[in-house]
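What follows is calculated from the coordinates using simple rules that are stated; it is not laboratory data. Keep in mind it's a predicted model, so treat the numbers as computed, not measured. Cβ coordinates were reconstructed from backbone atoms using ideal geometry, including for glycine residues, and neighbour counts include every protein chain displayed.
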Amino acid sequence: MRKKAYAKINISLDVIGKRDDGYHLLEMIMQTIDLYDEIEIIKNYDKSIKIHCNKQYVPCDERNLAYKAAKLFKDKYKIKDGVIIKIKKNIPVAAGLAGGSTDAATVLCIMNKMFNVGATYRELTDLALKIGADVPYCINGGTALCEGIGEKITYLDKFENKILVVIKPNFGVPTKEVYGSLDINKIYKHVKTNQLIECIKKDDIYGVCNNMKNVLENVTLGKHKILKEIKEDLNKNAAIGAMMSGSGPTIFGFFEDMLTAQNAYESIKNKYKFKDIFITRTINK
C-alpha cells in the first residue's frame, strides 16, 4: 500500500505553560501544505521491521519515527507479520514541518488498513501521541487548533489554496534544544488565537497574516540571524506575511498570487542557493 504523508506549517504557536513532567503546554494552529513524502509498505513475513529511504542521512533503524510507529502498532494489535517501509523523502528533516511525524502517522494509517485492524481515529491518535506531539494531528491533517502537548485537536474551517513560499536553510534545529532554551516567563506577547480562528473562518488571509505568531521565534531567530534576514526578504518580495514554522528553521511566506510567489522564490533562491525552497499551497487533507 502507498500513501502520501503531507507536511504542515504552523499558522500560530503559543506556549501557555509547563507541566510537572517538563512538557510545554501548547496552543497552536496547524495547517497541511501540498508538500509530501511518499510511504510504501509491503508485508514482510519474517516478522521484522525494515526501513528503506532515498536519503542517506535519514536513519533506517529504531530512531526513525516510522519504525517506532510500526513497532507500536504491531505490539498493540499483536501483528505477527513484519513490514518493509519504503520512504521517498521530499520534506526536509529537522525543519519544523513535521516530516518525521507525518511519516509515522501515515504508517499507522496504512497498517490499520493493511492488517484489517479497524482501529478508530481515537485509538490511532492515542498511539500517535506516544510517538510525538505532532503525530496525532498528522493522522488527519487539515486546519486545526492543537492544545495540551498536541493531543487536544479541534478542527477548524478550511484554509485551503493559499499560496506560499517555504524556505528551509541548509541546517536543522533540534526541537528539544529550542524548547529547552525557551523561558516562558519572557513571553510578553501571546498569540491572539481566537482572532486567528475568526480570520480563518472568514477566509481572510490578510487577517491571518496580521495575527499569526510563533513564540519560538524568540529562541530560534535569536540563535540564527539568517532567519530574520529570510523573513525580511520575503516581506520585501511582497509576502502578505512571513513566519517560522514549528521550532524552525523553516520560514514561510503567504502570497496573493502565483506570479508574486514565483518572483519571490527566484529572488531568494538566487540569493541563498538553498536546495530546499518550495512554492506550494495550503490543502485540506
**Complete:** Applying the span-like rule to the chain (DSSP H, Cα extent along axis at least 15 Å, Kyte-Doolittle mean at least -0.5) gives 65-76, 99-114
**Prompt:** For segment 88-139, what class follows from the C-alpha gyration tensor (a ≥ b ≥ c being the square roots of its eigenvalues): rounded when a/c is under 1.5, otherwise prolate if a/b is larger than b/c, else oblate?
**Reply:** oblate
**Prompt:** In angstroms, what radius of gyration and Dmax does segment 117-193 have, counting Cα atoms only?
**Reply:** 15.7, 47
**Asked** When the Kirkwood hydrodynamic radius is evaluated over all pairs of different C-alpha atoms of segment 181-285, what value in angstrom, to one decimal, is obtained?
**Response** 14.9
**Asked** Do you know the relative contact order of segment 113-225, to the nearest whole percent, from alpha carbon pairs under 8 angstrom that are 6+ apart?
**Response** 17
**Message:** For a 27 Å ceiling on Cα separation, which of these pairs sit above it: K80/K285; K186/K273; K8/K176; K68/K162; K88/K225; K158/K269?
**Reply:** K80/K285; K186/K273; K68/K162; K88/K225; K158/K269
**Request:** Work out how far the C-alpha atoms of segment 7-124 reach from end to end along every principal axis, then list the three figures in whole Å, largest first.
**Result:** 46, 31, 25
**Message:** Taking the Cα centre as origin and putting +1 on Lys and Arg beta-carbons and -1 on Asp and Glu beta-carbons, what dipole magnitude results for segment 1-156, to the nearest 20 debye?
**Reply:** 680
**Request:** For a quick protection proxy, order the peptides 140-147, 200-207, 90-97 by their average other-Cβ count within 10 Å, most packed first.
**Result:** 90-97, 140-147, 200-207
**Mean Cα-pair separation over length for segment 80-148, i.e. relative contact order, pairs under 8 Å, 6 or more apart, %** = 30
**Under 5 Å, built H, 5+ apart or other chain: amide partners of G241** = F254
**Asked** How many percent of DSSP beta bridges within the chain run antiparallel, rounded to 5?
**Response** 90
**Request:** Quick one: which residues, 5+ away or cross-chain, put their amide H under 5 Å from the amide H of I91? H built at 1.01 Å from N.
**Result:** D37
**Alpha-carbon Rg/Rh ratio, for the chain, with Rh computed the Kirkwood way** = 0.97
**Complete:** For the table K50/K213; K3/K74; K18/K271, the rows whose alpha-carbon distance is greater than 30 Å are K50/K213; K18/K271
**Complete:** For I16, the residues 5 or more places away or on another chain with a placed amide H closer than 5 Å to its own amide H are L25, L26, E27
**Prompt:** Ranked highest first by average number of other Cβ atoms within 10 Å, how do 22-31, 5-14 line up?
**Reply:** 5-14, 22-31
**Item:** Positive-end residue, the chain charge dipole about Cα centroid, Cβ charges, pick of P169, L108, L196
**Value:** L108
**Prompt:** What ³J(HN,Hα) values, in whole Hz, does the Karplus curve 6.51 cos²θ - 1.76 cosθ + 1.60 give for segment 279-285 when θ = phi - 60°, with x put for Gly and Pro?
**Reply:** 9, 8, 8, 6, 9, 10, 4
**Request:** Output ³J(HN,Hα) for segment 28-39: one whole-Hz value per residue in order, computed from phi by the Karplus curve 6.51 cos²θ - 1.76 cosθ + 1.60 with θ = phi - 60°, and x for Gly and Pro.
**Result:** 9, 9, 10, 9, 6, 10, 7, 9, 8, 8, 10, 10
**Complete:** Per the helix-only model, the chain has a calculated mean residue ellipticity at 222 nm (DSSP H runs of ≥4, -39500 (n - 2.57) each, divided over all residues, rounded to the nearest 500) of -10500 deg cm²/dmol
**Prompt:** In percent, how large is the relative contact order of the chain, given Cα pairs closer than 8 Å and 6 or more residues apart?
**Reply:** 23
**Prompt:** Looking only at segment 29-44, which residues have a backbone nitrogen under 14 Å from a spot 7 Å from the Cα of D81 in the C-beta direction?
**Reply:** 41-44
